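Down below is the structure, laid out as structure tokens.
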Amino acid sequence: MTTQTETLTRMVNVILLGPPGAGKGTQAELLVKNHGLVQLSTGDMLRQAKASGSELGKRVAEVMERGELVTDDIVIGLIKEKLSNTEAKGFIFDGFPRTLAQADALAALLKETGVTLSAAIELQVDDKILVERILNRAEQARAAGQPVRADDNAETLTQRLAAYHAQTAPLIEYYKSKGALKSVDAMGEIDAIATELNAIVSQTPA
Ligand code: ADP
């Protein structure tokens, strides 16, 4: 059951890896609900910074709208701040790390705070479907009178996918070589994918 809350007796820390539109955010929210983990989405943090009109927000807005990655230092700084939440039962890293340098920085941060990575979960989806999913998401938001993400358009999406393949996809090998990679077919129904993720989270070693 995906709606059941399982009481985790140990800390679980997972990375959700996958291209834009793979469903990382959707699945992260379900993991928060089902396991009480804390979601750390660098995309959300950067959008909040942009909305707040802060200096950081101004610096990252254009980069995000071009579909490129913001600098490693910025996102590593954001994550570092959040990891000081020692009350958390565990973290879901959603959209971070996105480069090998970020992955190394995360490993160092986790070591410093004495936290173990439970798994890096790859959500596998074909590029063809991603474009459709994201353009649909934008269309539905527009129809409902909700704000549409500035980077959810065909042009930026091409760049986001290119950035994913060039800079983020190598992390799949990186985590595989550390024995931490779990791959999930993320082309199906949200609930079916959530069930698989729940099983992974429940089975990760302490
Ligand atoms: P997506 O749905 O494309 O995976 P996100 O919400 O995770 O989107 O991120 C949106 C944008 O924010 C990215 O295209 C990038 O510009 C920036 N961003 C988010 N996380 C990172 C990161 N870890 N490193 C660099 N840039 C990032």
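Scanning the stretch 155-189 for residues that are within 13 Å of residue 17 (Cβ to Cβ) and touching a Lys or Arg at 6+ places or on another chain (Cβ under 7 Å) turns up 167, 168. When the test is whether a residue is open to solvent by less than 80 Å² (accessible area, probe 1.4 Å), within 16 Å of the ligand (Cβ to nearest atom) and either more than 16 Å from the chain's Cα centre (by Cα) or modelled with pLDDT under 95 (or both), residue 109 passes it.
Scanning the stretch 13-44 for residues that are of a type in the set (A, V, I, L, M, F, W, C), open to solvent by 20 Å² or more (accessible area, probe 1.4 Å) and either outside any helix (DSSP H, G or I) or at positive phi (or both) yields a single hit, 38. Based on what the data block shows, is residue 68 away from the ligand (no atom under 11 Å from the Cβ), surrounded by fewer than 21 Cβ atoms within 10 Å (Cβ to Cβ) and of a type in the set (D, E, K, R)? Judged against the criteria, residue 68 is not a match. Among residues of the stretch 86-103 that are outside any strand (DSSP E or B), those with a beta-carbon under 7 Å from a residue that is of a type outside the set (A, V, I, L, M, F, W, C) and more than 10 Å from the ligand (Cβ to nearest atom) at least six positions away or on a different chain give the pairs 89/36; 90/13; 100/170; 100/174; 103/174. For the stretch 79-106: of the residues being among the acidic types (Asp, Glu) and modelled with pLDDT of 95 or more, which is farthest from residue 47 (Cα to Cα)? Taking the candidates together, the pick is 104. Of all residues in the stretch 171-191, those satisfying the criterion of being surrounded by 14 or more Cβ atoms within 10 Å (Cβ to Cβ) and small (Gly, Ala, Ser) are 180, 183, 186. Got a sec? Which of 43, 18 is at pLDDT 95 or above, within 12 Å of the ligand (Cβ to nearest atom) and in contact with a helix residue (DSSP H, G or I) (Cβ under 6 Å, 6 or more places away or on another chain)? After ruling out the rest, the residue left standing is 18.
Could you list, in sequence order, all residues of the stretch 120-148 that are open to solvent by 50 Å² or more (accessible area, probe 1.4 Å) and within 16 Å of the chain's Cα centre (by Cα)? Scanning the stretch 120-148 gives a single hit, 124. All of 199, 194 fail the test of being in contact (Cβ under 8 Å) with a residue 12 or more places away in the chain, open to solvent by less than 50 Å² (accessible area, probe 1.4 Å) and in a helix (DSSP H, G or I), apart from 194.
Taking the criterion of being in contact (Cβ under 8 Å) with a residue 24 or more places away in the chain and more than 11 Å from the ligand (Cβ to nearest atom), would at least one residue in the stretch 47-62 satisfy it? No, there is no match, as no residue in the stretch 47-62 is in contact (Cβ under 8 Å) with a residue 24 or more places away in the chain and more than 11 Å from the ligand (Cβ to nearest atom). When you go through 60, 75 one by one, which is the residue that is β-branched (Val, Ile, Thr), under 16 Å from the mean Cα position of the chain (by Cα), surrounded by 15 or more Cβ atoms within 10 Å (Cβ to Cβ) and assigned to a helix (DSSP H, G or I)? Selected residue: 75, the only one of 60, 75 that is β-branched (Val, Ile, Thr), under 16 Å from the mean Cα position of the chain (by Cα), surrounded by 15 or more Cβ atoms within 10 Å (Cβ to Cβ) and assigned to a helix (DSSP H, G or I). For the stretch 79-90, does any single residue satisfy the condition of being within 12 Å of the ligand (Cβ to nearest atom) and either charged (D, E, K, R) or open to solvent by less than 40 Å² (accessible area, probe 1.4 Å) (or both)? Yes, there is a match, as at least one residue in the stretch 79-90 is within 12 Å of the ligand (Cβ to nearest atom) and either charged (D, E, K, R) or open to solvent by less than 40 Å² (accessible area, probe 1.4 Å) (or both).
The values are calculated or read from the model by the stated rules, or taken from the named source; none is laboratory data. Source: prediction; values computed, not measured. Here the Cβ is made from the backbone with ideal geometry for all residues, glycine too, and neighbour counts use every protein chain on show. To get the accessible areas, we keep the full protein, side chains included, count just its heavy atoms, and leave off ligands, DNA and RNA. Shrake-Rupley method; radii C 1.70, N 1.55, O 1.52, S 1.80 Å.
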